Each structure stands twice: as C-alpha cells, then as structure tokens.
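Read the structure below first, then the notes.
Bear in mind that the values in this text are calculations on the coordinates, not laboratory data. In this text, all values refer to a predicted model and were calculated from it rather than measured experimentally. Cβ placement follows ideal geometry from the backbone for every residue including glycine, while neighbour counts extend to all protein chains displayed.
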Amino acid sequence: MENDYKFFLDEGIYDIQNGNFESAIEKITKSIKMKNDFEISYFYRAVANQALKNWDEAMLDYTKALELNNKLTDAYYNRAYITLTRDDITDPKIENAILDLENALKLDENFIDALYAIAAAKKKQQKYSQALEYLDRLLKIEPDAINAKALKKLILMKYV
C-alpha cells in the first residue's frame, strides 16, 4: 500500500481537505517521486502550495499539470487567479492570465468565476467594453450575480 503513488496522493488530498498543507505537500511529493506523469498529483500539490502562498511552486505545478493534461479547467483558473491577485509582483502578466481564463472557458463556457475574472482583468487593462461583454455573458448565465452587477455598474458609471 505505502509503495503505491495513489496511497500518498490520497493521503495528501485528505490533508488538504483538513488544512494540513505542509503535510499534503510532503505526501504528494512522495507520490510524484513514484509516478511523475500523473497530472492530478501536480494539481493537488499546487493547490496546497497556493494555500500556503507559495506562489512560484504553485505556478510550476499547475503548469506541469497542464502539460500532462490540457483539459484541467481548474488548473487554468487557479494559475490565472494567482497571476491576477499576487501583490508581490509589480507587473503581473495579465495577458497570460486572460489566456488561461479563455482556455478554462473553452472547456466550460459557463464557468462564471472565469468570466468574472476576465472582466476584472479587462477592466485593469482599461478595456471597458470587453469587460462589459464578459459581464453580460456571466449575467445571462447567472442573472443575480451580485459582484458582476456591481462591477458592471461601476464600469458604466465611472469609465464608459
């Protein structure tokens, strides 16, 4: 059992669910040493690193997970989220984040969080009409989305 990569991955996921992120990283790293081509292991190690604000490690693991499987919607979203929310970088690569979010939307066109994140990124870039297009797409799916309504109102009142 303990020579099986899935054992350590499952234990690591359990640790993540219980907030034990350092332990999760150790266990999932053991899993990766046993089987280094399983995207789920990299994804969950990235989740644990993201929770600890180990941004660079999380970005590397999300990237590796996507290299192994380019259909991981949440990996695209999480990588973009890190790029857009880090406050330790003065010039985040917003275009890279938008590309990640667009990839997530290709896999799930109703991914509300990705639509909102792109709208916010477009606002940062001062591309207000594009931001409004994404917000309108979101509001078609989720008409009561309070954050989207508020951002749309802000853009319309202040920038357009």
Original post:
Which of the aspartates and glutamates could a cross-linker span from Lys152 if the Cα-Cα distance has to be under 13 Å and same-chain partners fewer than 8 positions apart are dropped?
Top reply: Glu133, Asp136, Asp144
Original post:
Which is farthest toward the positive dipole end of the range 1-132 among Tyr116, Tyr42, Thr29, measuring Cα position about the Cα centre, with Cβ charges +1 (Lys, Arg) and -1 (Asp, Glu)?
Top reply: Tyr116
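What do you get when you divide the Cα radius of gyration of the range 113-160 by 2.2 N^0.38 Å, with N the number of residues?
Values: Rg = 9.3 Å, N = 48, 2.2 N^0.38 = 9.6 Å.
For the range 113-160, the normalised Cα radius of gyration is 0.97.
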Original post:
Using the 10 angstrom Cβ neighbour count as an exposure proxy, how do Arg45, Arg86 rank, fewest first?
Top reply: Arg86, Arg45
Original post:
Loop-only check: which GluC sites (Glu not before Pro) in the range 48-123 are DSSP coil with at most 15 other Cβ within 10 angstrom?
Top reply: Glu109
Original post:
What whole number of Å gives the distance from the Cα centroid of the range 27-78 to the Cα centroid of the range 125-154?
Top reply: 30 Å
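Taking the beta-carbon count within 10 Å as an exposure proxy, list Ser31, Ser41, Ser129, Ser23 from fewest neighbours to most. Display every interim value, and only then the final one.
Values: Ser31 25, Ser41 29, Ser129 10, Ser23 16.
With the fewest neighbours first, Ser31, Ser41, Ser129, Ser23 line up as Ser129, Ser23, Ser31, Ser41.
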Subject >> Neighbour net charge for Trp55 - beta-carbon separation under 12 angstrom, K R +1, D E -1 >> reply: -2
